[in-house]
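Report on one structure; see the data block that follows.
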Amino acid sequence: MTVRPQRARPGSPELQALVDELAERLGRSVAVDDPLVRMVCTSRHFGDEDPVRIGTLLQGRADNATIRYVLAQGVTQWHRAGFIDGRDDLGLLPRYVVPLRERGHLLGLLLVVVPEKALAEHETRAIARAADAMAAQMYAEHVATDTRRADERDLVLELVGTDAATRTAARRRGRELGLLGAAEHVLVTVVQLGGAAEPVRHSEAALRAALDGFRQTRSARGLIAIGTERATMLQLRDRPPGPDEVAAQSARVLDELRTFLGPSADPVVGVGGRHAGPDHARTSYEQALVAARAARRLPALRRAGDWELLGELAVLFQLPEHALNTSLVPRPLRTLTEAHGGDRLRDTLRCFLEHAGSIPRTADALGIHRTSLYYRLRRIQETTGLDLDDGAHRLTLHLGLRIEELLAPGADGAA
């Protein structure tokens with residue numbers, strides 16, 4: 001699956017004309033970016049182009065380092081125009097930045113390349129007039145786009161909702177609109193933000209931008225529902241994706257969100273099971289929520305959970321949050337932990353169980369002689385009172401070890 005870095009939707013002819021008119025009047029390069037610093041419209045060069053501008057024109061958006069730098073200047077919270085400094089290491093000249101706002105909405109950023117970091121009064125007046133016209137034009141386009149997005153959001157939420165009749169009606173409507181087609185497989189991905197440091201509109205825009213690259217690929221068609229701190233993407237596929245493809249998609253989404261929102265957003269991704277057709281979107285959605293919960297609790301998952309790789313943990317993560325506590329750890333395992341040398345015995349037990357009770361493989365993995373391993377296993381049995389040759393006893397101990405992983409200090413709370 002090929003996914004290219006996503007740029008904002010190209011600007012309308014009306015917006016492009018306003019950009020070109022301002023650039024010609026100033027004799028300077030001008031661009032309009034969306035609130036995530038992705039190019040919407042740009043003028044021709046005036047001999048002031050820098051590597052960032054050239055790279056943006058070639059790739060459709062600036063590189064992540066430049067985006068992070070510009071956003072770190074706080075431009076999305078600005079209410080008046082100002083300069084941002086250039087960065088030689090990024091190949092960025094100074095820019096005069098005007099936040100384009102209309103009726104409380106930040107619609108984009110007007111950027112003028114100003115190498116000398118100084119503008120004449122007639123230039124700032126021209127920029128201010130053009131910015132007002134651009135904001136008005138972008139707001140009109142924004143309203144129309146928001147309506148379409150709201151319709152798509154409602155359809156997705158109905159397809160994964162709890163009411164069966166509503167899901168049936170949504171599938172019918174989706175097919176009538178040509179949004180569902182005849183895809184044989186469905187996959188639902190949930191993205192959750194852990195912090196609320198960013199303004200709601202900025203968080204929503206970042207979630208959409210991170211997922212837009214997967215709306216239409218060679219192997220999938222996607223529908224997206226964006227909320228304030230959560231996004232749901234329903235993908236329709238001709239074939240189910242493999243674990244590597246899912247992992248790459250999740251990693252890309254997380255990378256984009258960290259670029260647009262910074263580390264404080266603490267995003268996680270949960271991917272549901274692969275199922276036959278949109279009739280099973282609800283099931284995949286529920287599984288995606290479980291996978292997202294696992295991603296937030298288990299550091300080893302690196303903030304991305306895949307239902308189909310969770311194994312027995314998928315069952316544990318469907319327990320209520322209040323039930324995930326030390327009372328679930330079997331008493332024999334707690335007794336082992338409290339015994340002298342308990343940590344070494346627990347490590348031996350875990351290795352033994354992970355190797356399906358194989359003495360040779362366990363001894364090799366631990367780097368000890370088999371005689372030493374037999375001694376430790378006898379101690380484990382004596383301390384716990386359980387028989388390691390008994391399948392039910394093994395299951396009790398193995399499940400207890402898994403629960404301890406979920407309760408480890410490095411695991412977070414509920415997603």
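Yes/no per residue for (1) touching a strand residue (DSSP E or B) at 6+ places or on another chain (Cβ under 7 Å); (2) at pLDDT 90 or above:
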{"position": "D163", "(1), (2)": "no, yes"}
{"position": "L177", "(1), (2)": "no, no"}
{"position": "L236", "(1), (2)": "yes, yes"}
{"position": "P240", "(1), (2)": "yes, no"}
{"position": "E256", "(1), (2)": "no, yes"}
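Does segment 108-126 contain any residue that is part of a helix (DSSP H, G or I), of a type in the set (G, A, S), buried (at least 19 other Cβ atoms within 10 Å of the Cβ) and outside the structural domain of T189 (by TED's automatic domain parsing)?
No, there is no match, as no residue in segment 108-126 is part of a helix (DSSP H, G or I), of a type in the set (G, A, S), buried (at least 19 other Cβ atoms within 10 Å of the Cβ) and outside the structural domain of T189 (by TED's automatic domain parsing).
Working carefully through the options G91, G86, find the one that is at positive phi and out of contact with any His (no Cβ under 9 Å at 6 or more places or on another chain).
Selected residue: G91, the only one of G91, G86 that is at positive phi and out of contact with any His (no Cβ under 9 Å at 6 or more places or on another chain).
Can you tell me which residue is modelled with the lowest pLDDT among those in segment 51-71 that are outside any helix (DSSP H, G or I) and surrounded by 19 or more Cβ atoms within 10 Å (Cβ to Cβ)?
Per the stated criteria, the residue is R61.
Residues are listed down the side, and each one gets a yes or a no for (1) β-branched (V, I, T); (2) in the same structural domain as L257 (by TED's automatic domain parsing); (3) within 26 Å of D34 (Cβ to Cβ); (4) under 14 Å from the mean Cα position of the chain (by Cα):
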site	(1), (2), (3), (4)
T166	yes, yes, no, no
G174	no, yes, no, no
L179	no, yes, yes, no
H185	no, yes, no, no
L207	no, yes, yes, yes
R218	no, yes, yes, no
L223	no, yes, yes, no
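Identify, from the list P299, P278, the residue that is out of contact with any Leu (no Cβ under 9 Å at 6 or more places or on another chain) and either buried (at least 22 other Cβ atoms within 10 Å of the Cβ) or not acidic (D, E) (or both).
P299
Identify, from the list T348, T337, T283, the residue that is closer than 28 Å to R171 by Cα and over 16 Å from the mean Cα position of the chain (by Cα).
T283
May I ask you to verify whether R346 is touching a residue at least 40 places away in the same chain (Cβ under 8 Å) and closer than 30 Å to T189 by Cβ?
So R346 does not fit the description; no.
For segment 254-275, give me each residue that is part of a helix (DSSP H, G or I), touching a residue at least 24 places away in the same chain (Cβ under 8 Å) and closer than 12 Å to L193 by Cα.
Answer for segment 254-275, where residues must be part of a helix (DSSP H, G or I), touching a residue at least 24 places away in the same chain (Cβ under 8 Å) and closer than 12 Å to L193 by Cα: L254, L257, L261, S264, A265.
Going by the structure shown, is D132 in contact with a Pro (Cβ under 7 Å, 6 or more places away or on another chain) and either outside any strand (DSSP E or B) or among the basic types (K, R) (or both)?
It is false that D132 is in contact with a Pro (Cβ under 7 Å, 6 or more places away or on another chain) and either outside any strand (DSSP E or B) or among the basic types (K, R) (or both).
Where the second residue is of a type in the set (A, V, I, L, M, F, W, C) and the first is without any contact (Cβ under 8 Å) to a residue 60 or more places away in the chain and lies in segment 152-181, which pairs have Cβ atoms under 6 Å and are six or more apart or on separate chains?
Pairs that qualify, where the first residue is without any contact (Cβ under 8 Å) to a residue 60 or more places away in the chain and the partner is of a type in the set (A, V, I, L, M, F, W, C), are E158/A170; A170/L155; A170/L159.
Given the criteria among the charged types (D, E, K, R) and either in contact with a Gly (Cβ under 6 Å, 6 or more places away or on another chain) or touching a residue at least 24 places away in the same chain (Cβ under 8 Å) (or both), does E382 qualify?
No; evaluated as a whole, the condition is false for this residue.
Can A231 be described as modelled with pLDDT of 95 or more, surrounded by 23 or more Cβ atoms within 10 Å (Cβ to Cβ) and at negative phi?
Criteria met by A231.
Taking segment 294-335 on its own, how many of its residues are part of a helix (DSSP H, G or I) and among the polar types (S, T, N, Q)?
Looking only at that region, the number is 3.
Specify which of the listed residues (A291, A231) is assigned to a helix (DSSP H, G or I) and out of contact with any Ser or Thr (no Cβ under 7 Å at 6 or more places or on another chain).
Just a single option satisfies the conditions, and that option is A291.
The values are calculated or read from the model by the stated rules, or taken from the named source; none is laboratory data. Owing to the predicted nature of the structure, the values given are computational and were not obtained by experimental measurement. A quick note on method: Cβ atoms are made from the backbone with ideal geometry, for glycine too, and the neighbour counts reach across all protein chains shown.
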